[in-house]
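Novice: One structure, pasted below without further comment.
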There are 2 protein chains.
Amino acid sequence: MSVKYIVGTNPKTGESLVGEFPISGKEEVNTIMKDAWKAWQEYRDFSGKKKGQFLRTIAEEIEQAEGLVERVMEESGLPEGRVRGERGRTCNQLRLFASLVEEGSWVEATIDKAQQDRQPIPKADIRKMLYPTGPVVVFTASNFPLAFSTAGGDTASALASGNPVVVKAHESHPGTNDIVSKAILRAAEKIGMPEGVFATVYGQGYETGQQLVLHPLTKAVAFTGSLRGGKALYDLAGKRAEPIPVFAEMGSVNPIFILPNKLKANSDGLATQMAQSVNLGVGQFCTNPGILVVLDNEDIPGFTSSLKEAFSQISPSCMLNAGIFDNFEKKKKHILDQEGVQSEYEFNGNGSAPNGRPAVGSVLADQFLKNGDLQEEVFGPFTLLVKCKNQEELLKVARQFEGQLTATIMGQDDEVLAHKELFNILREKVGRLIFNGVPTGVEVCHSMQHGGPFPATTDGRFTSVGTAAIKRFARPLAYQNCPDALLPDELKEANPLGISRVVDGKLEA
Amino acid sequence: MSVKYIVGTNPKTGESLVGEFPISGKEEVNTIMKDAWKAWQEYRDFSGKKKGQFLRTIAEEIEQAEGLVERVMEESGLPEGRVRGERGRTCNQLRLFASLVEEGSWVEATIDKAQQDRQPIPKADIRKMLYPTGPVVVFTASNFPLAFSTAGGDTASALASGNPVVVKAHESHPGTNDIVSKAILRAAEKIGMPEGVFATVYGQGYETGQQLVLHPLTKAVAFTGSLRGGKALYDLAGKRAEPIPVFAEMGSVNPIFILPNKLKANSDGLATQMAQSVNLGVGQFCTNPGILVVLDNEDIPGFTSSLKEAFSQISPSCMLNAGIFDNFEKKKKHILDQEGVQSEYEFNGNGSAPNGRPAVGSVLADQFLKNGDLQEEVFGPFTLLVKCKNQEELLKVARQFEGQLTATIMGQDDEVLAHKELFNILREKVGRLIFNGVPTGVEVCHSMQHGGPFPATTDGRFTSVGTAAIKRFARPLAYQNCPDALLPDELKEANPLGISRVVDGKLEA
């Protein structure tokens, strides 16, 4: 018999939580997509002010939702401080997108005025701005049950751009999804949004997700999760008659290159900083630094000891769900079992499942260069120290990396400048290049690029964090000789919204 | 035995032209892609001024290239005035992109400055700008042997963005490709560009194109041509281990909706305007209006007569090549043979191959709605008049259209405003919505959107005409806490290039 409900599980106890969330049938999913399409007909033309009001009301409803923090903690095993912080981030994100659309310049209004007397032919009046592309399906992430889930960055940016959203609930936190979805629907009702502007579906396995990606009324897909999951959705979308963009943010090992003078000057401090970043959130961040690259000199044994020491201060903590825990232990073991890999540290206390046991491996670069498996992401509190015998090998290691969300160079001022080639190689590979910091902690701002070349994402031209995330769900639409009364406000001659526009090639701020 | 050379053919005479252009073997293509990659390492960091100088020198070399106009005429059958005009447009395009990169603001520099004292954690300095994505393969179009070919908009925008270009020569004009390629290579040498920054390959059939699309060092593909060709490349790219964007600009029927008052007021004038647009360039434009939609009232017989009369003034002219001619005659016949389609006009003089014989068909909307074939593009001087019995049917026809490069509404001021629903339906379908004009004649400017929802293109979020075309070949790259000396000039604190940037969310023009 097929499963009819999704039930939440407490990863700490393995016990089922209250609430049965019915799996959406084919008919229901079809109706939801049709409703989303219908809602789009109205929603896409709502003013930035109205969409902003909607997003702000969602934030308020989430802040006021009863039992939300508790349910997230129960379903994810995350501590209260983290959950409250993430709720704050989620609401800030919603308000940031509200501000963006209320201000309005994000649509990239571009106007070329008519020149009736131009030779040999008159020039027409053409006005262009971004236009929403249609219903967006959001696949949510387990590791941020709020900030990358039901009302997370994908949903916020898609709603901000003028598109209805259908969220495929994460099986790992169905109760959280239910509370947040209801908050969104309450906000939609309060602000008078068209029915269908937001919906959520529950599914078990691949069936529901497949139907959503293949549905002809789905116009874009956003996903955060594993390489396997993201690439599968990307390939699935490739089978559609009509191509649609799939924005999948997937795995990354976020290498950190620690240059020798920096390491010599502050070996202990660096080891502590690395250990903290690797273990932040039990290593369950997409920007977790899974590989540390160093020059193998007389300072490395001391650094390795400091790293072990720093790791040994950290107790295993609960991972997000049993699947993630199992996967972590399996992948960690797989890496440590590879030829030439030395286990430098493994927590050997009584950490019981699902508490992820932190570990550190090390390997010589020539071995690392021979074995592609060593580049694979281990999702959890693990990092691999790659020791290069010289500068040339260090550059080889850099060149060998696949696409990454981030890479980091730790170095003293002069040695960073002396590593121009490393800088150039890494620029090819990443969405964000960090100096003397850690990749964890992704700032939600205008300049953020959270998205890198494949396999970090399926489309490195876009970001899933920061205001630019809104650009994923819009396309330019040009109006030629359009009567002013029909033009969107953003393009009207009088510029009633007072936004910045490019007019005849000149930016009018 | 396999073919070893491509030879040009004069479509007017069917005779072979001088020049044998060797088909590139697998080894050669591989070497070319490796050289392009190597060139990219250097070229991507060239200043806007230097890239601009390169583009301007290409334009000069093309203007000075001996025998170019004659060769285009011989290979394409296009008249001298058109070829000279197209050469002008091609060089203007190169200079427009030169201006764009010389000015420099196109990179969308976005800066968020550090806040050391922010609570609970300090804010890092993050600076983002567009970065070239790597070697671009360009598949050229037959219908613009200069402006959409070897040094056309795709090549110009890809070079401008900082990417080497490999052009797959069009089999229809190999000699033109040879002359233009040599002009580009002369410019590259004059300006001291790295070897491999530009190359061209010749191929017969699919093999060479396939190798180019699947090559791991190819990072983007641009194509202009048929739906079949473009979709095949798109699907092929989907088989790569690493996904890359494919920007295919494909077919479109560019419907024109003629509203009744407008038609009544100026039936003859409209008929002439329509006939001219349909027959411009022997109908071989991607924005050719292949369908005219009208309300079937007492004015339609007169309008149809006027349309016939206007068409009868037009003599068949040479089409671009024998394949296009054959395809036109076949497709035209296929449409005219469909149930309910009436042939209103067909040139019945002694127009011999490859002179495309203009034709007009008509059909009642209820029949049109039943038969998907009638929406297919007929590439050449043909249009289909679709007669709707009422307003509701007219909207149904609008709704039935697939994605288009353009749609047009012809109407008097008040009736255009009264057709808000038509306006809304068409906005969903197109990249450019035109009022009281014709779709042919695509302005090369900042506000142009030449790209619409599938099947007009594979990615309606981008344009292949106008300055925004450069955005196709770049992705955002963020630098966090990067030393000023390592930052690209566009992001340096002092803004040495004086470009517009968004700093802490505020646009600094």
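The values are calculated or read from the model by the stated rules, or taken from the named source; none is laboratory data. Note that the structure is a prediction, hence the values are computed from the model and not measured. Positions of Cβ are backbone-derived with ideal geometry, glycine not excepted, and every protein chain shown enters the neighbour counts.
Novice: With the requirement that a residue be in contact (Cβ under 8 Å) with a residue 24 or more places away in the chain, surrounded by fewer than 18 Cβ atoms within 10 Å (Cβ to Cβ) and not in a helix (DSSP H, G or I), what does region A:174-205 give you?
Specialist: Across region A:174-205, the qualifying residues are A:Pro194, A:Glu195, A:Gln204.
Novice: For the structure I just gave you, tell me whether B:Ala509 is hydrophobic (A, V, I, L, M, F, W, C) and more than 7 Å from chain A (Cβ to nearest Cβ).
Specialist: In short, no.
Novice: Any idea which residue in region B:258-281 is nearest to B:Gly431 (Cα to Cα), counting only those that are more than 14 Å from every other protein chain (Cβ to nearest Cβ) and not in a helix (DSSP H, G or I)?
Specialist: Going through the qualifying residues, I end up with B:Ile258.
Novice: Do we have A:Val246 as away from every other protein chain (no Cβ under 14 Å), in contact (Cβ under 8 Å) with a residue 40 or more places away in the chain and either touching a helix residue (DSSP H, G or I) at 6+ places or on another chain (Cβ under 6 Å) or surrounded by 23 or more Cβ atoms within 10 Å (Cβ to Cβ) (or both) here?
Specialist: Here the answer is no, as A:Val246 does not meet what is asked.
Novice: If we keep just the residues of region B:465-489 that are in a helix (DSSP H, G or I) and over 26 Å from A:Val246 (Cβ atoms), which is nearest to the other protein chains (Cβ to nearest Cβ)?
Specialist: Residue satisfying both the conditions and the ranking: B:Thr467.
Novice: Hey, another quick one. Of everything in region A:1-26 that's of a type in the set (A, V, I, L, M) and in contact with a strand residue (DSSP E or B) (Cβ under 9 Å, 6 or more places away or on another chain), which residue is farthest from A:Ala353 (Cα to Cα)?
Specialist: So the first thing to find is which residues in region A:1-26 are of a type in the set (A, V, I, L, M), and the list is A:1, A:3, A:6-7, A:17-18, A:23.
Okay, now just the ones that are also in contact with a strand residue (DSSP E or B) (Cβ under 9 Å, 6 or more places away or on another chain), so A:6-7, A:17, A:23.
Numbers: A:Ile6: 22, A:Val7: 20, A:Leu17: 18, A:Ile23: 28 Å.
Per the criteria, the residue is A:Ile23.
Novice: Taking the conditions exactly as written (within 25 Å of B:Leu405 (Cα to Cα) and modelled with pLDDT of 95 or more), does B:Ala169 satisfy them or not?
Specialist: Numbers: within 25 Å of B:Leu405 (Cα to Cα): yes; modelled with pLDDT of 95 or more: yes.
Yes; evaluated as a whole, the condition is true for this residue.
Novice: Here's another thing I want to ask about it. Would you say A:Gly340 is surrounded by fewer than 23 Cβ atoms within 10 Å (Cβ to Cβ) and either at pLDDT 95 or above or under 25 Å from A:Lys396 (Cβ atoms) (or both)? Spell out the reasoning first.
Specialist: Working: surrounded by fewer than 23 Cβ atoms within 10 Å (Cβ to Cβ): yes; either at pLDDT 95 or above or under 25 Å from A:Lys396 (Cβ atoms) (or both): yes.
Spelling it out, A:Gly340 is indeed surrounded by fewer than 23 Cβ atoms within 10 Å (Cβ to Cβ) and either at pLDDT 95 or above or under 25 Å from A:Lys396 (Cβ atoms) (or both).
Novice: Could you identify the single residue in A:Phe462, A:Phe401 that is crowded, with 18+ Cβ neighbours inside 10 Å, within 9 Å of chain B (Cβ to nearest Cβ) and among the aromatic types (Phe, Trp, Tyr)?
Specialist: A:Phe462
Novice: Scan region A:59-74 and give yes if some residue there is away from chain B (no Cβ under 14 Å), in a helix (DSSP H, G or I) and within 30 Å of B:Leu507 (Cα to Cα), otherwise no. Give the steps one after another, and end with the answer.
Specialist: Filtering region A:59-74 down to residues away from chain B (no Cβ under 14 Å) leaves A:59-74.
Within this subset, residues satisfying the condition of being in a helix (DSSP H, G or I) are A:59-64, A:68-74.
In the following step, the residues that additionally are within 30 Å of B:Leu507 (Cα to Cα) were identified as A:59-60.
Yes, some residue in region A:59-74 is away from chain B (no Cβ under 14 Å), in a helix (DSSP H, G or I) and within 30 Å of B:Leu507 (Cα to Cα).
Novice: Which of the following residues is within 30 Å of B:Asn390 (Cβ to Cβ), hydroxyl-bearing (Ser, Thr, Tyr), modelled with pLDDT of 95 or more and within 20 Å of the chain's Cα centre (by Cα): B:Thr304, B:Thr272, B:Thr287? Reasoning before the result, please.
Specialist: On the way: B:Thr304 fails: within 20 Å of the chain's Cα centre (by Cα); B:Thr272 fails: within 20 Å of the chain's Cα centre (by Cα).
Going through B:Thr304, B:Thr272, B:Thr287 in turn, the sole match is B:Thr287.
Novice: If you don't mind, another one. What is the one condition in (1) free of Cβ contacts under 8 Å to residues at least 12 places away in the same chain; (2) in contact with an Asp or Glu (Cβ under 6 Å, 6 or more places away or on another chain); (3) not aliphatic (A, V, I, L, M) that B:Asn481 does not satisfy?
Specialist: The number of the failed condition is (1).
Novice: Out of the residues in region A:209-233 meeting the condition of being modelled with pLDDT of 95 or more and hydroxyl-bearing (Ser, Thr, Tyr), tell me which one is surrounded by the most Cβ atoms within 10 Å (Cβ to Cβ).
Specialist: Per the stated criteria, the residue is A:Thr224.
Novice: Of A:Leu146, A:Leu217, which residue is under 27 Å from A:Gln41 (Cα atoms) and in contact with a Lys or Arg (Cβ under 7 Å, 6 or more places away or on another chain)? Even if it seems obvious, please write down each step before you answer.
Specialist: Details: A:Leu146 fails: under 27 Å from A:Gln41 (Cα atoms).
Result of the check over A:Leu146, A:Leu217: A:Leu217.
Rundown of residues vs (1) at pLDDT below 95; (2) assigned to a loop (DSSP other than H, G, I, E, B); (3) under 19 Å from B:Leu227 (Cα atoms), yes/no style:
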position: B:Asn350; (1), (2), (3): yes, yes, no
position: B:Val360; (1), (2), (3): no, no, no
position: B:Val363; (1), (2), (3): no, no, no
position: B:Phe368; (1), (2), (3): no, no, no
position: B:Val378; (1), (2), (3): no, yes, yes
position: B:Thr383; (1), (2), (3): no, no, yes
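Novice: Are there any pairs, at least 6 apart or on different chains, whose C-beta atoms fall under 8 Å, with the first in region B:446-465 and among the basic types (Lys, Arg) and the second in a loop (DSSP other than H, G, I, E, B), and if so, which?
Specialist: Note: pairs meeting the criteria are B:Arg461/A:Thr133; B:Arg461/A:Pro245; B:Arg461/B:Gly451.
Novice: Right, something else. For B:Gln93, only one of the following conditions fails: (1) more than 13 Å from B:Ala147 (Cα to Cα); (2) buried (at least 18 other Cβ atoms within 10 Å of the Cβ). What is its number?
Specialist: B:Gln93 satisfies every listed condition except (1).
Novice: Pick out, from region A:85-173, the strands (runs of 3 or more DSSP E) lying fully within it that include 1 or more residues that are away from every other protein chain (no Cβ under 14 Å) and of a type outside the set (S, T, N, Q).
Specialist: The strands (runs of 3 or more DSSP E) meeting that bar are A:136-139, A:165-168.
Novice: Give B:Leu307, B:Leu292 a once-over and let me know the one that is in a strand (DSSP E or B), assigned by TED's automatic domain parsing to the domain that holds B:Phe325 and not β-branched (Val, Ile, Thr). Please lay out each step first, then the result.
Specialist: Values: B:Leu307 fails: in a strand (DSSP E or B).
Unique residue meeting the criteria: B:Leu292.
Novice: Restricting to region A:407-422, what's the tally of residues that are buried (at least 21 other Cβ atoms within 10 Å of the Cβ) and facing another protein chain (nearest Cβ under 7 Å)?
Specialist: Qualifying residue count for the region: 1.
Novice: For region A:385-433, what are the residues that are in a loop (DSSP other than H, G, I, E, B), touching a helix residue (DSSP H, G or I) at 6+ places or on another chain (Cβ under 8 Å) and either farther than 16 Å from A:Leu374 by Cβ or of a type in the set (Lys, Arg) (or both)?
Specialist: Answer for region A:385-433, where residues must be in a loop (DSSP other than H, G, I, E, B), touching a helix residue (DSSP H, G or I) at 6+ places or on another chain (Cβ under 8 Å) and either farther than 16 Å from A:Leu374 by Cβ or of a type in the set (Lys, Arg) (or both): A:Lys389, A:Gly403, A:Gly411, A:Gln412.
Novice: How many residues are at the interface with chain B (Cβ under 7 Å from one of its Cβ atoms), in contact with a Ser or Thr (Cβ under 7 Å, 6 or more places away or on another chain) and crowded, with 23+ Cβ neighbours inside 10 Å if we restrict to region A:434-459?
Specialist: The total comes to 4.
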